[in-house]
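This report refers to the structure that appears directly beneath it.
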Amino acid sequence: MGDHVLIAGSGLGGLTAALRLAKRGYKVEMVEKSNKPGGRLNQIKKDGFTFDMGPTFFSMTYEFDEFIKDTGIDKPFHFREMDILYAVDFRGSDRKFFIYKDLDKLAQQFEDIEPNFKEKMDRFLKSSGKFFNDVEYKVLKRNYNNIWDYLLALATVPPKYLPRLWQTVWDEMEKYFESREAKEIFSLVAFFLGATPFDTPAIYSILSYTELVHDGYHNVEGGMYKIVEGLMKEIEKKNITVHYNTEIVDYQEKNGKIEALIDQNGKRWNADIYLINSDAAYFRGKVFKRVEFSEEKLDKMQWTLAPLTLYLGIDKKIDDVPLHNYFLGNNFEEYSKNVFKNSITFEKPYYYVNVVSRSDPGSAPEGMDSIFVLCPVPDLRFKPDWSDRDEIVNTILTDLSERMHIDLHKHVVSQTVLTPKDWAKAFNLYKGSGLGLGHSLKQTAGLRPKNFDEKYKNVYYTGASTIPGTGLPMAVISSKLVVERITKNHGLLHN
C-alpha cells in the first residue's frame, strides 16, 4: 500500500489536509506555484504597512477547533471575537448602522425604520437556526459518491425547507423585513459567498444565524496570515516539505491512475496519491483537459465575484472608522443584478473597507493606518479589459474620501492595486473569480465538482470549488471530508 501523498497547492484546504494526513501516517509532500504558502489567505507587506490580502474575518471557529483536536497539534494562532461585526454606510446619508451580535444593541439601530425589529429578527434567526441544525450534518458536511447519494441526503431534510431551494436570499429578507436598509444589510451574507442576494439560494440565509447567534465573527491576533504561519510551523514539525515556485501543468497516467504530475520546468513529481488544492473545476479543464470542464463549459457555470482590491497606507489615523465597513449606494437591486455582467458603470461603486490597523496596530507605522478595500467587479468573461483600472480606483478613493470626511488623495503614501487579471495570474483563478465556483442551486453540496477524480483512482481535490464550498471554515471542512475519503479508499496507516 502506497503512503506517499503529493499535495498541489498550499491554500488553507491543502495545509489542513497535509496535517490531517500526516497524523494518519501518510508521508506528505507539497508543491506550490507561488513563492510562499497560503493561497488567497495571504499577506502583502509594503512601505512599512502590512495587509491581509484576501479574507479579513470568518465564522464557525469550531471547525478550526475540530481540526486542532483531529491533528493533535497545539493551536498555533489566537482568535478574537468581534463586538461590532461590521458597519454599513449608505450613500447620501450621514447615518451609520453598526451590526452587533447583541440583539438588543442591534435592535436600537433599526427602531425608527423597522417597527418591531427585535421580534422580526428573532423569528428570522430562530427559523434560520432550525434550518441550520437540520441541514449542517445531513447535507453540508458530508461526502457524496454520486447524485443519488445527494438526493437521498435531501430526502432527510424536512419538506418545509424545500421552498428555500428555489427562493433567493432576497426573497427570505422580504418575508421578515420591510425597510430597505434592513433587507439590504442582512442580505449582505450573499456577498460573503461571492454572489448577490438575488442569485443565491435562500438556504444560505443560515449564514445570518452563524454570524449573529451561533458563533459570531472573528479575526486573528496579528492578522489573518498568522493562521498560515502557525500551520507552517506545524508542517515543519511533521517534516513535510513544501516546494515553492512549482506549478503543475501536465501529467502522466498509467492503468487508470496518475503516475506523475509534471511542473512548468518538466520535472516529474511521483507519488502514490495526489491531492489537488488548486481550483477543482479549473484544474480538471486546464491540466487534465476534461471536455466537461472545457473553457466553453466553465464559462456557462456560475462563478463568484471578481475582486478589485486596494491596499492603502495613509499618513494619519482615522479613528472614527470601524474595523469592517460596507459602503453601499441607493440602487442596491439594480447594482447587484448588473455588476457581475458589467452592465453598470463604476461612477458610484459599492465596496468593503477593512481598517487593518484598527485591529492590529503593528500593521502600520506609528500615527498611520493601513486600509484594505475590496470592490466586487465582473470577472474576465464580462470585463476582460482593465485599462480603465486607474480611473475606477480614483473613483473609489474620491467616493470613500467624501464618506469618511478625509481627502485620501492627499494622505495615501503607499498604494497597491490588484485587478481580476492579477488575481487570476497569481492563484490560477478562473477568469479572476475570487472565491471559485458560486453556490447556485446547480452548484450546491453534492452538485459541486466531486472531491475525488472521475477517472483517476488516486486523485482527490480540496478547496473552494469542491464540497462543501467557499470560505475559510469551508476549506477546513473540505480537508476533513477529503481525508475521510482518502483513508477510506487507501487505508488508515495509524492514529
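No value in this document is a laboratory result; all are computed from the given coordinates. Here the structure is a predicted model, which means the values were calculated and not measured. Please note: Cβ atoms are built from the backbone with ideal geometry, for glycine as well, and neighbour counts cover all protein chains shown.
Data for the structure
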quantity	calculated
Cα→Cβ-extended label distance, 7 Å offset, between LYS126 and LYS36, nm	4.9
Distance (nanometres) between label positions extended 7 Å along Cα→Cβ at GLU174 and LEU441	1.6
Calculated [θ] (222 nm, deg cm²/dmol) that DSSP helices of n ≥ 4 give over the chain, each run adding -39,500 (n - 2.57)	-9500 deg cm²/dmol
Bridge type composition, the chain - antiparallel percent by DSSP, nearest 5	70
Efficiency of FRET between ASN270 and GLU295 - r from beta-carbon atoms, R0 22 angstrom, step 0.05	0.15
For segment 306-427, size of Cβ-based charge dipole, Lys and Arg +1, Asp and Glu -1, in debye	360
Added length on full extension, which subtracts the Cα-Cα distance from 0.36 nm per residue, ILE113 to LYS254	44.2 nm
Å³ per residue enclosed by the Cα convex hull of segment 306-427	110
Electrostatic dipole magnitude of the chain [Cβ: Lys, Arg +1; Asp, Glu -1; Cα centre; debye, to 20]	1860
Efficiency of FRET between ASP319 and LYS457 - r from beta-carbon atoms, R0 35 angstrom, step 0.05	0.05
LYS341-LYS233 FRET efficiency (beta carbon distance; Förster radius 41 Å; 0.05 resolution)	0.40
Length gained when the stretch VAL412-GLU391 is fully extended (0.36 nm per residue, less Cα-Cα span)	5.9 nm
Principal axis dimensions, largest first and in whole angstrom, of the chain by Cα	67, 55, 45
Nitroxide proxy distance, nm - points 7 Å out along Cα→Cβ at LYS96 and ILE262	5.6
Hydrodynamic radius by Kirkwood, which averages 1/r over all alpha carbon pairs of segment 3-108, in angstrom	17.3
Cβ-defined net charge surrounding GLY329, 14 Å radius [Lys, Arg +1; Asp, Glu -1]	-3
